[in-house]
Structures are given as C-alpha cells and as structure tokens.
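The structure under discussion appears below in the form of structure tokens.
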Amino acid sequence: MVKLTSNKDDYHLISRLWTNYIWPQKRTLLFALLFMALLAATTAAYTFIVSFVIDEANSLTKKNNTIKQAQSYAFSVLPLLIFITATSGLSNYIQRILNNSIALKAVTKMQKQMLKSTYNSDFGSFKQKKSGDIISKFTNDITVVSNALIRTMSNLIAALLTIALTIAAMLYQNWQLSLIMTVFIIAYWPILSISKRMRGDAKNVQDQIGKITSNLKESFNNMRIVKTYNLEILENKRLSKNFDTRERLQMKLVTEQARVDPILEVLGGLAIAGVVIFGVYQISNETASAGSIAAVLTGLLILSPKLRALGTLNNVGQEGLAALTRIFNVIDEEANIQDTSRSQELIKLNGEISFDNVYFKYADGDLALKGVSFIAQPGETVAIVGYSGSGKSTIMNLIPRLYDVQSGSVSIDGHDIKNIKIKNLRNNIALVSQEIILFNTSVANNLSYGNDNANMNDIIHAAKQADAHKFILKLPFGYETVLGENGHGLSGGQKQRLSIARALLRDAPILLMDEATSAIDSLSESAIKKSLKDFKINKTIIIISHRPNSVKNADKIYVLDGGNIVETGKHKELIKNRSGIYFKLQN
C-alpha cells in the first residue's frame, strides 16, 4: 500500500521546484507570461467578435442599402479577425518555445544535481541499490517531470489566464447567463478524490519501471550464463511478469485518468443546455440580444476544452509530483563518509599503510575483519591471501575509505585516513580491480582515465610495462581504437592488462591490485612482475590473491581466514607449514 503525500508535502515540493529551478529563470518566465497573456486575451476576444457579428447581422436585415452596409461591415471585421488570429498564433508559438526552455533547463539542472549527489554518496549505500532503479530515476522520472513541467508551463498558466479573461468577457456580455458556469464547481470534489488515488498509482508505475530497468540490465549483463545454461525461456518468463505488472499498474493509472473527462463533458453539456434554454427566455422577453447569448455560448465552447485540459493536467501533475519526490530523494541523500573540520590537506603521501586492530562488518552481515593489524612500507609489496570470503577485498575497500571501520584505525604516513581529505587520499591511490572496467572510448583515453596530464609517450610506456603494447598495435586503429562497451571484443587477459596499464600510468604512491592477474597467461604475468620490480621503488603495493603462485615475490604475505590474520611471512617460510592455509591454497 502506497502512502500518499499530504498537501503540505505537495506545497514543499512545488515551493522548492519554483524557488530553485523556475524563479532563477525569471526573465524568460516574465516574457513567457506576457505572451501567454496575449494568447489568453486574443482567445477571449472571440466572444466579443461573435457578439458583434451576430448583432450587426441582425441590424443589417432592418436597414436599406444592405449591400453597402455589408461591405462596410466586412471591411471593419476582417482586418480585426486577421489581427487577432495572427497575434494568437504568434503568441502561442513564442510562449511554447520559452516555456519549453524553462522546463528543460530546470530538469537538466536536476539531472546534474542527481549525478553529483550519486557520485558523492557512500560506496556502501550505492552498492545496496539496484543500478537499474538509479538509471530509471535519471531517465524515466526526469522525463515524467519534464513532460509535467512543459505541459504545466505551456498549458496550465495559459489555460488559467484564458479562463479568467473569457469569464470576464462573458460576465460583461451577459452576467446572468454566465452564472450557469458555476455548475463546473461540482467537478472539484470527484477530481480531487481521483487525483489522490492517482498519486499512489503513478508512484507504483515509476517504481515498477525502475525494477524493469534493473532486471533487464542484470539479465543482459549475464547473457553468457543465460545462453550457456539454456535459460532463455526462464528469463523470458521472469521478465515478462515484470512487463505484465507494469501493464496492470499502468492500466489502473489510465483508468483513473480517464474518469476526469466524462465528468467535465457532462457538466459542459449541462451548462450549454442551460445557456440555450435561459437564453431563449431572455430573447423572448427582450432582456438580452442574440449576440450576447452567442457570446456566452462561444465562451462556454472556449472554456470547455480548457477545463478538460486542466483536469488532464491534474493527472500529469500527480505523476510529476510522484517522480519529483524520487528525484529529490536522490539529490538530498547525504554521505556518511565525508570530510570534516579535522580533515587535512595532504597533497603527496609517501604510502606507509598501517592497520591497527581493525574491526569491520558490512551493514547486512557478520564481522568481515576481526582485529586485523599490519604495516606496509613504501617500496614493499605486501600480499593478502586467503579463501573467498576471508576479508581480503574488505581490506582493499578500507584503504581508499570506501567504508569506515567500526573500531581500530587505518592510517597512511601516521595519519588516520578519517583525518585526510578524501580527494587527497584517493589521488594517492591506484587500483586494479577484480572487476575490470573499460569505457566506450579509445584505448588511449581508457589508459589515461585518472591521469589527465599523461601524454602519448606516458601512455605507451605504461602499456609496455603491462605487456599490452603489442596487442594494442594490432587493433584496427592502435591506441585510437574505440573499445566499445566494457572492452567488447577483447579477451579477459587483454582487458586486465589495460587495467594494469591504467593503474601504472596513474603513478600513485599506493597501488592496490585485487586479483589483478587472474585472467593473464603466465608469460604476461612474468613480464608484468618484472615491470613491477622497477615500478615499486618508493611505492607501496598491496596484492590480493587466492593463488600463492601470484605472490611468491612479495616482501610480506599475510594469510587471512575468517577475518583474522592467521599466518605471516614470506613464501619460502609459509610453504613449509604443511598444515597451514597458505600451503593448502598452493595445492
């Protein structure tokens, strides 16, 4: 069951939208209002023209020399009609351009704020969300708000101005007949009830679209497993259920939306019938002219579609407010891991890493680290090995402060990393992740990601160190070859070598390598290890692996089991303990 927002919540949403996104464009807004007022005035003017035409036509039948009178009458009316229609068309064109500009700039600003907030959010909280749902907020929710803003700016204000001026014109022509319009007040209560239900329905639809986006992304990313395991039919059924749910929710929303038009249509018919009946009575008693009756009828015909449009806009507005709530939730999310008044500006770190009695657990799990302590000095290669789930990757996540420890401390050069500005800390770290990330851009751009100052010579040197230069030259356009999404077409080993080259090019004092050579053949691995010997001078290298063969040359090896360091030493020392975990991992 969806909890509906209160009118107070709506007020805050609209107030924030107006203050932060619409009013800063006040100059454009004022010009848009001017042309909307012109459009409304020219529309209301049709009531006077109709009244004038009919009354003049009646008077012509009572006069002599009718042809000359008609010609004179035509020459006076036609220029006026042309002026009004031209002014109306031009005003409508300009106000739509200006209103679309305001709406699009507003949602673009929202998207930029969402993006900034998402990148500034905690890594832990980000990992708990479904990426498809996040993407849906950037695409679907923004589209919903954009449409709501454009239609509101272009239609709502123009419609309200047109209604106000048309009613004024009708009251001027025949105030008694015009009072029949009060019948439309009856529509207020059923439309209000419908709009409240629609808010919940709109939120359900948007949530379901986010779920569909997330499930599609998950399924497409795992197409290899789907194909290999013959899971096409299963995935079809699973995702089809999501589509069926969206159809059901969307139909429920559409059904609510469709109820508005019939209510206004019936009331419009009653109003026209009332004007005809009472108008005939007034004419028979000679208390009103035919022109004034026709003017009121014209006014009703103008008002009827405008009032129906307002009913439809209410539907769009409810969807927009539901989407706006989701968007503002993203913008307002605050990170727990951020700089404080004690954070120091340390531009260049030496790279001495110290874990002191560190305890850590994830939000939804048991302790991942239990009193872990170790030191890695500049110029050292320190390896962390152990079975899956022993806490190796957790150590990697704590060094760049993707998470904060529950107790104990992680320090670099004697400074608790909580007291180092996050930007400074991470600028001193390079990472080769187990999850290889490549972007849909050139090889050169992929390698220089994280080092904007690198020139082509630097890029080639790093590629040679990672044993990637030869295969890069064999690509269609060498270093300018666009790799495609996540390096489509490259082997796992080639992707890993590019990832290693990117980390080496960053030339940071701390290099973190998480299963960095798991997909690389032994010859390439040997070449990379040789390069790392030269690279590690004055650098601190932390290697995560479950394969002892990958860490034989490490200066220190720490063996993790269940979040505890259970063995420490070099390869030759640890391999002698046949009952130890390190020996078992080797075999």
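At a 10 Å Cβ-Cβ cut-off, how would you order S125, S499, fewest neighbours first?
S125, S499
If I stretch the segment between I82 and K129 completely, what's the gain in nm (0.36 nm per residue apart, minus their alpha carbon distance), one decimal?
11.0 nm
How much net charge surrounds S117 when only the other residues with a Cβ under 13 Å from the Cβ of S117 are counted, with Lys and Arg +1 and Asp and Glu -1?
Net charge in that neighbourhood comes out at +2.
At L239 and F439, where each label point lies 7 Å from the Cα along Cα→Cβ, what is the point-to-point distance in nanometres?
2.7 nm
Starting at the first residue of the range 467-477, write each ³J(HN,Hα) from the Karplus equation 6.51 cos²θ - 1.76 cosθ + 1.60 with θ = phi - 60°, in whole Hz, x for Gly and Pro.
6, 10, 4, 5, 6, 5, 4, 7, 6, x, 10
So, R0 is 45 Å and r is the distance between the beta-carbons of M456 and Q338; what FRET efficiency does that work out to, to 0.05?
Efficiency, rounded to the nearest 0.05: 0.75.
Provide the gained length on full extension for the span K584 to S373, in nm with one decimal, where the gain is 0.36 nm per separating residue minus the Cα-Cα distance.
73.6 nm
Kindly flag which residue pairs out of K203/K306; K130/K348; K392/K470 have an alpha-carbon separation exceeding 30 Å in this structure.
The pairs that break the limit, which is 30 Å between Cα atoms, are K130/K348; K392/K470.
Work out the charge dipole of the range 353-586 with +1 on the Cβ of Lys and Arg and -1 on the Cβ of Asp and Glu about the Cα centre, then indicate which of I472, G365, I436 is farthest towards its positive end.
I472
Take M396, M513, M251 and order them by how many other Cβ atoms sit within 10 Å, fewest up front.
Lowest count first: M251, M396, M513.
May I ask for the net charge around S433, where only other residues with Cβ less than 15 Å from the Cβ of S433 are counted and Lys, Arg are +1 while Asp, Glu are -1?
Counting the neighbours of S433, the net charge comes to +4.
Rounded to the nearest 20 Debye, what is the dipole magnitude of the range 371-520 about its Cα centre when Lys and Arg each give +1 and Asp and Glu each give -1 at the C-beta?
The calculation lands at about 100 debye.
Applying 1/(1 + (r/R0)^6) with R0 = 22 Å to the Cβ-Cβ distance of T28 and L160, what FRET efficiency is obtained, to the nearest 0.05?
My answer for the efficiency is 0.70.
Can you sort E515, E435 from fewest to most other Cβ atoms within 10 Å of each residue's own Cβ?
So the residues, fewest neighbours to most, are E435, E515.
What does the net charge come to around G563 if you take all other residues with beta carbon closer than 11 Å to its beta carbon, with K and R at +1 and D and E at -1?
+1
Among the listed pairs K137/K237; K129/K495; K105/K252; K129/K474; K370/K584, which have their C-alpha atoms separated by more than 29 angstrom in this model?
Cα-Cα > 29 Å for K105/K252; K129/K474; rest within.
Can you give the three extents of the C-alpha atoms in the range 353-586 along their principal axes, from longest to shortest, in whole Å?
Projected onto the principal axes, the Cα atoms of the range 353-586 cover 51, 42, 35 Å.
Read-outs throughout are calculated quantities, based only on the coordinates presented, and are distinct from any laboratory measurement. Model, not experiment: these values are computed from the prediction. Quick reminder, even Gly has a Cβ in these numbers, built from the backbone with ideal geometry, and neighbours come from all protein chains shown.
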